[in-house]
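The values are calculated or read from the model by the stated rules, or taken from the named source; none is laboratory data. Just so it is clear, the model here is predicted, and its values are computed rather than measured. In this analysis, Cβ positions are derived from the backbone assuming ideal geometry, glycine residues included, and neighbour counts consider all displayed protein chains. Accessible surface is based on the protein model in full, side chains and every heavy atom, while ligands, DNA and RNA are left aside. Shrake-Rupley method; radii C 1.70, N 1.55, O 1.52, S 1.80 Å.
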Amino acid sequence: MVTDTREIELKYEAGPDAVLPPLEDLPRVASEAGPAEQKLEAEYYDTEDLRLLRAGVTLRRRRGGEDSGWHLKLPAGPDTRREIRLPLGRAGRTVPAELAQLVKVYSRGEALGPVARIATVRHVRTLIDESGTSLAEVVADEVSAQTLGESTTVAGGPEVEVELTGGDRQLLRAADKRLRRGGLQPAGRTAKLERALADALPALEESRRPRRGSAAAVVLSYTEEQAAKLKALDPSVRRNEPDSVHQMRVTSRRLRSTLQSFGQVLRGADTQHLATELRWLGHVLGDDRDNEVLTEHIEAEIHQAPVELVMGPVAARVREHFAPLSAQSRKAVLAALDSGRYFALLDELDQILAAPPLGPDADRPAKQALAHAVARTYRRTSKRMRAADKAHPGEPANVALHAARRAAKRSRYAAEAVAPVYGKQAKRYAKKMKKVQSTLGDHQDAVIARNTLREIGVRAHLEGENAFTYGLLHEHNST
């Protein structure tokens with residue numbers, strides 16, 4: 001059975017003579033239980049060049065304690081990781097296919113194998129509230145780590161973790177303050193593994209960053225944030241989690257928009273290919289998302305229509321129309337995420353972030369250079385809105401309005417990227433562009449809905465059903 005949880009914790013390194021301070025007087029804590037001793041053994045899996053470790057991901061096979069099994073930990077925000085667990089099963093030391101799929105965004109086709117073996121003697125103290133509910137676990141680990149491969153080294157040392165089990169971040173902050181005061185130092189989020197593989201990590205250091213306050217520093221920071229989000233969403237899309245396709249599609253569009261809007265900061269000629277590939281990814285994700293949105297749009301209108309005006313199996317007919325389309329688009333999304341083209345896109349994105357192709361505005365002060373870039377996106381939106389206003393009614397106007405919507409979206413994303421520099425001014429502008437985008441998006445949804453309703457209505461009529469309701473809905477989407 002698969003379990004999926006959020007793990008909120010802090011890790012510390014402790015000296016050999018460190019003593020954990022008392023914690024029973026922290027907020028909401030009434031008492032402590034323990035310490036209880038556990039003996040754990042785990043093998044950690046990664047690619048030969050440690051791609052998972054570099055991305056803050058850990059994949060292990062653990063025995064002992066209360067959670068024996070396969071554990072995959074993925075980044076999920078500050079001090080937070082998502083943990084997906086599977087039982088040990090009969091696969092032996094072969095990584096279960098389900099977990100191997102979820103780390104493909106990082107492994108990108110490279111084989112996964114054991115890279116370290118870690119033995120831990122764990123002492124667990126539980127912080128409990130007045131009702132007897134566990135608020136947090138404080139664990140002190142004695143670690144013995146052994147790397148696997150051509151060379152074998154042994155590294156060890158004490159480590160302390162505080163993990164919330166029912167408490168809140170106020171408790172976590174109070175515990176952090178107490179432990180720091182007691183002499184403990186914050187550790188990396190994968191401290192055990194990082195120490196064991198320390199000899200392999202120097203090559204993973206970040207390249208030199210652009211000058212602080214420069215246009216390049218701002219654009220790269222936003223691009224890195226969106227790149228990390230794109231990768232973090234990949235496992236959610238593979239698991240078909242709600243809204244994940246939409247969020248990944250938006251993220252790919254934000255990345256593409258950033259490359260297009262700030263071509264004088266990150267040289268456009270060197271990022272054009274990546275922008276094209278992000279457009280491809282957005283289209284693949286978009287087909288799946290568009291089917292979902294259109295289905296919800298039409299079903300909502302059916303639900304809102306007076307019962308006496310819904311003639312025949314309208315809702316069933318709509319579901320019958322979209323079911324094969326959704327299955328086909330879902331299959332296309334999974335095929336894309338397993339493709340060499342997608343892995344090459346990710347490699348190119350990583351390469352651009354590691355060695356940015358800086359343009360003529362890169363080293364200019366952000367407030368000067370970025371204002372001009374956002375202004376260009378506004379002029380582009382304004383020009384397309386004027387063209388839409390002059391377009392002939394019908395399909396020419398629909399096409400022009402759709403182009404204006406895309407321009408407004410790019411302008412919105414550009415404003416979001418520069419918000420750290422311009423603050424509320426940029427946020428207000430982005431909000432206005434989002435409103436324009438949403439209004440034009442509603443129009444585009446209605447245009448597509450009309451065409452779809454006509455198609456479904458014709459099929460229903462040819463099969464002897466009453467097509468009145470489809471005509472009614474078609475007319476509703478025309479107003």
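Averaging over every viewing direction, what projected area does the convex hull of the Cα atoms of the chain cover, in nm²?
On the way: hull surface 115.8 nm².
If you wrap the Cα atoms of the chain in a convex hull and average its projections, you get 28.9 nm².
In terms of solvent-accessible area of protein heavy atoms at a 1.4 angstrom probe, what is the ranking of Tyr378, Tyr413, highest value first?
On the way: Tyr378 115, Tyr413 5 Å².
Reading off the accessible areas and sorting them downward yields Tyr378, Tyr413.
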Projecting the Cα atoms of Ser236, Leu349, Gln170 onto the charge dipole of the chain, where Lys and Arg contribute +1 and Asp and Glu -1 at Cβ, the residue farthest towards the positive end is Leu349
Helix 395-417 against the longest principal axis of the chain: what's the angle in degrees, Cα atoms only, rounded to the nearest 10?
30 degrees
Which of Leu337, Pro35, Val447 sits farthest toward the positive end of the charge dipole of the chain, with +1 on the Cβ of Lys and Arg and -1 on the Cβ of Asp and Glu?
Val447
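How do His273, His297 stack up against each other in accessible area, from largest to smallest, with a 1.4 angstrom probe? Intermediate values should be presented prior to the final figure.
Working: His273 110, His297 50 Å².
Heavy-atom accessible area, descending, gives His273, His297.
Starting from the Cα gyration tensor of the stretch 251-372, take the square roots of the eigenvalues, sort them a ≥ b ≥ c, and report rounded, prolate or oblate (rounded when a/c is under 1.5, otherwise prolate if a/b is larger than b/c, else oblate). Numbers along the way, then the final one.
Details: a/c = 5.84, a/b = 2.19, b/c = 2.66.
Here the stretch 251-372 falls in the oblate category.
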How would Thr58, Thr133 line up by accessible area, probe 1.4 Å, largest first?
Thr133, Thr58
For Phe468, tell me the accessible area in Å² from a 1.4 Å probe, rounded to the nearest 10.
90 Å²
Could you tell me the largest-minus-smallest coordinate of the C-alpha atoms of the stretch 304-358 on each of the three principal axes, in descending order and whole angstroms?
64, 24, 9
Over 23 Å between alpha carbons, listed pairs Lys229/Lys434; Lys231/Lys383; Lys390/Lys435; Lys11/Lys39; Lys229/Lys409:
Lys231/Lys383
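Just round it to a whole percent: the fraction of Cα-Cα distances in the stretch 231-278 exceeding 12 Å.
Values: 699 of 1128 pairs.
For the stretch 231-278, the fraction of Cα-Cα distances above 12 Å is 62 percent.
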List, in order, the whole-Hz ³J(HN,Hα) value for each residue of the stretch 307-318 obtained from phi through the Karplus relation with A = 6.51, B = -1.76, C = 1.60 and θ = phi - 60°; use x for Gly and Pro.
4, 5, 9, 9, 10, x, x, 5, 4, 5, 5, 5
For Asp270, project a label point 7 Å along Cα to C-beta. Then give me every residue of the stretch 354-398 with its amide nitrogen under 14 Å of that point.
354-363
If you line up the long axis of helix 268-304 against the longest principal axis of the chain, both from Cα atoms, how many degrees apart are they, to the nearest 10?
70 degrees
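At a 10 angstrom cut-off on C-beta neighbours, averaged per residue, how do the peptides 274-287, 392-405 rank from highest to lowest?
Details: 274-287: 18.9, 392-405: 15.6.
The packing order, highest mean first, is 274-287, 392-405.
State the percentage of accessible surface on the chain attributable to carbon and sulfur atoms; use a 1.4 Å probe and exclude ligands, DNA and RNA.
Looking at the chain in its full context, I get 51 percent from C and S.
Please compute the length gained on full extension between Ser134 and Val399, using 0.36 nm multiplied by the number of residues separating them and subtracting their Cα-Cα distance.
89.6 nm
Just to confirm, what accessible area per residue do you get for the stretch 250-347 at 1.4 Å probe, in whole Å²? Don't skip to the end; give the middle numbers.
Numbers: 4570 Å² over 98 residues.
So the stretch 250-347 comes to 47 Å² accessible per residue, rounded to a whole number.
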Given the options Gln146, Gly109, Ala136, identify the residue whose Cα lies farthest towards the positive end of the charge dipole of the stretch 100-150 (+1 on Cβ of Lys, Arg; -1 on Cβ of Asp, Glu).
Gly109
Tell me, what is the 1.4 Å probe accessible area of Ile8, in Å² to the nearest 10?
40 Å²
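Please compute the contact order of the chain in relative form: average sequence separation of alpha-carbon pairs under 8 Å and at least six residues apart, divided by the residue count, as a percent. Intermediate values should be presented prior to the final figure.
Details: 751 pairs, mean separation 64.6, N = 479.
It rounds to 13 percent for the chain.
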